[in-house]
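Where a number appears in this text, it was derived from the coordinates with a stated rule and is not lab data. Computed from a predicted structure; not experimentally measured. Glycine also receives a Cβ, built like all others from the backbone with ideal geometry; neighbour counts cover every protein chain displayed.
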Amino acid sequence: MNTLLLWLQSDTTAVADSLSQMLEGETITLFDLMLEGGILMIPIFILFMISIYVITERWRALSRSHTDTERFLASIEGMLKSGKQADAIAHCDDFDKPLARIIKAGIRRLGRPIRDIEDAIDNAGKKEIFFLEKRMNWLATIAGVAPLLGFTGTVTGMIEAFMDIQSLQGNVNPSELAGGIWEALITTAAGLIVGLIAFGFYNFLLGKINRSIFELENASADFIDLLQSPAPKKQA
């Protein structure tokens with residue numbers, strides 16, 4: 001027990017000495033940390049870059065898909081009531097957003113039973129929802145895989161450290177052992193950071209997607225109601 005306490009005390013002293021040296025002027029760059037973390041830092045870094053790409057691409061796509069629903073439907077309603085179906089389709093083409101493409105699918109079916117129009121809108125809506133959710137599964141996968149890669153790197157690093165202890169029959173410099181341990185823990189920290197970023201933005205973007213889907217469904221229902229509303233009677 002006394003031997004263990006002495007070892008722990010010396011180990012703590014070695015870590016403190018290492019930290020003090022770092023604070024006194026030794027700087028460690030991000031690239032140095034990646035090198036110290038070992039080969040598993042490569043896939044973790046790749047996952048990080050993929051997550052940044054997906055977050056940026058989805059954020060921009062969702063921002064571009066936002067539509068002033070009431071204003072758009074009002075303009076479409078005015079064109080349809082004036083009998084300008086071709087102008088309404090051209091307006092949807094110029095708008096080029098998820099809602100416009102859904103409404104365009106319904107306008108193309110005008111003159112057919114309302115059920116056919118609803119089916120066309122539903123099919124177009126499913127396609128737009130698919131594109132809104134595009135690559136979101138990548139973020140979900142990264143959120144789960146990155147921490148596991150980090151833990152794997154730490155476990156393999158600890159195994160190597162204890163193999164060194166066994167090969168040297170316990171005659172190990174505590175400072176060297178402490179250095180090997182914190183190097184192994186780098187992969188856990190990196191994996192957790194990447195996983196947290198991916199998981200946080202996955203939920204944030206998923207909330208924006210669900211909000212967009214809700215708006216599309218409401219707008220589609222309003223468009224169907226618009227088509228079913230009776231035409232205004234002409235005054236004699």
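Between PHE131 and VAL155, the simple spin-label model (points 7 angstrom out along Cα→Cβ) gives 4.3 nm. Given the pairs LYS81/LYS126; LYS81/LYS104; LYS84/LYS104, which span a C-alpha to C-alpha distance of over 23 angstrom in this model? Going by Cα-Cα distance, LYS81/LYS126 fall outside the 23 Å limit. Taking 0.36 nm per residue of separation and subtracting the current Cα-Cα distance, fully stretching the chain between ILE193 and SER63 would add 44.2 nm.
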